[in-house]
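Presented below is the structure to which this report refers.
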Amino acid sequence: MYPDLKHTPSDADLQHTGALHERPGIPRPATTHPIPRTRRIPPLQAHEALRGILAGDRATLARAITLIESRAPAHRAQAATLLRHALPHSGKSIRIGITGVPGAGKSTFIEHFGKQLCDHGHKLAVLAVDPTSALSGGSILGDKTRMEELSRHPNAYIRPTPAGATLGGVAAKTREAMLLCEAAGYDTLFIETVGVGQSETAVRTMTDLFLLLQIAGAGDELQGIKKGVIEMADAIIITKADGDNHARAQAARHEYARILHYLTPYTPRWTPQAIACSAPTGAGLPEIRQLIQHFHHHIRATGTLETRRQEQNLHWFHALLKEHLLNQFFEHPAIRKALPPLEHAVAHGTLPVAEAIDHLLKEPTPDKAPSQS
């Protein structure tokens with residue numbers, strides 16, 4: 001089989017040299033596919049991140065948002081330092097919430113309208129809150145793949161974030177990500193919601209302008225969205241107003257305009273409007289851009305912007321305070337010990353829920369050590 005082989009190796013030879021040792025007469029094969037060494041990226045430090053963010057580096061911004069999303073204690077300390085130093089450079093953008101029922105064309109609208117804003121010199125950051133995969137915990141829609149042209153624009157930054165278990169489907173760190181994007185020089189922020197629950201209420205509490213996207217020709221227009229969401233909207237955008245759907249979209253626009261006329265506006269002294277548009281053709285997009293400019297000027301001139309930002313900060317403060325107190329409560333040793341038997345009793349119907357809660361609340365509070373008996 002091997003003509004160049006001088007002799008057949010004995011068992012002693014194999015034991016001495018090893019099976020992978022080069023044999024006499026057998027040339028060593030050349031390595032055709034060397035495995036490259038992967039260079040480990042060192043953890044991002046707060047001062048390094050701030051310098052890159054202020055310089056407008058998108059790669060650093062992406063790593064910084066990943067840093068503030070981390071739950072590792074060391075990362076949380078770095079994130080707190082970063083946010084504290086980035087805060088004076090934030091707050092100069094207009095924050096726009098975008099919601100609508102699934103299929104309303106939110107991503108298509110953001111793709112084309114965002115590109116138009118970027119072409120006019122604006123810097124746009126899109127924080128898209130995706131539904132969370134039950135298996136992997138990651139985003140399952142992947143907004144970067146749905147906004148290819150916008151994601152390649154030098155003035156745009158898109159960050160899809162899994163909603164996780166946060167109430168309302170809004171990513172827990174969306175507010176911090178907004179601050180970092182503003183510090184990086186983005187003057188327009190889009191917060192896209194899942195549009196399938198209470199996420200609209202959460203986004204309303206962190207944005208200046210709230211856009212509700214609706215479609216016509218899909219049955220009763222009022223069945224697709226709750227009245228409470230319409231009341232929160234500063235404008236309603238009827239999408240897909242082209243082709244055979246153009247007439248239906250215009251009819252829906254008139255209907256929503258009539259409804260908005262009878263509702264109390266969410267923003268003081270502002271009259272909500274209904275606009276029909278076709279994102280792919282560009283019809284209606286200039287009117288929407290003009291509406292946003294007019295709205296921004298209005299809330300700044302009336303002092304609504306400053307008041308709204310203060311209310312948002314307080315809402316944020318109380319929400320995080322409740323979250324941290326709740327986490328401390330359930331992490332307390334006494335609570336962790338008392339909870340399983342109470343859960344078992346409640347699940348099997350041997351203990352009323354109210355009584356179980358009363359019993360649990362009588363346990364030592366997180367700022368007190370468990371009693372030693």
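Readers should treat all values here as calculations from the given coordinates under stated rules, not as data from a laboratory. None of the values given here were measured: they were computed from a predicted structure. Glycine also receives a Cβ, built like all others from the backbone with ideal geometry; neighbour counts cover every protein chain displayed.
With a point put 7 Å past each Cα toward its Cβ, work out how far E306 is from T281 in nm, to one decimal.
Going from the E306 label point to the T281 one covers 4.5 nm.
What does the extension gain come out to for N327 and H344, with contour length at 0.36 nm per residue minus their alpha carbon separation?
4.0 nm
Sorted from largest to smallest, which semi-axis lengths in Å does the alpha carbon gyration tensor of the stretch 43-89 give for its equivalent ellipsoid, taking the root of 5 times each eigenvalue? Kindly include the intermediate steps, with their values, before the conclusion.
On the way: eigenvalues 51, 28, 12 Å².
After diagonalising the Cα gyration tensor, the semi-axes are 16, 12, 8 Å.
Along the Cα-to-C-beta direction of E231, a point sits 7 Å from the Cα; which residues of the stretch 268-284 have their amide N less than 20 Å from that point?
Residues 268-274 qualify, since their backbone N sits under 20 Å from the label point.
log10 I(q)/I(0), Debye, Cα-only the stretch 87-130, no solvent, q = 0.17, 0.23 Å⁻¹?
With no solvent term, the Cα-only Debye profile gives -0.58, -0.93.
Run the quick spin-label model on V353 and S70: label points 7 Å from Cα toward the beta carbon, then report their separation in nm to one decimal.
Once both label points are built, they end up 3.9 nm from each other.
Students often get this wrong, so check it: of K106/K173; K337/K362; K92/K123; K173/K322, which have C-alpha atoms separated by over 19 Å?
Numbers: K106/K173 21 Å; K337/K362 13 Å; K92/K123 12 Å; K173/K322 15 Å.
From the list (K106/K173; K337/K362; K92/K123; K173/K322), the Cα-Cα distance tops 19 Å for K106/K173.
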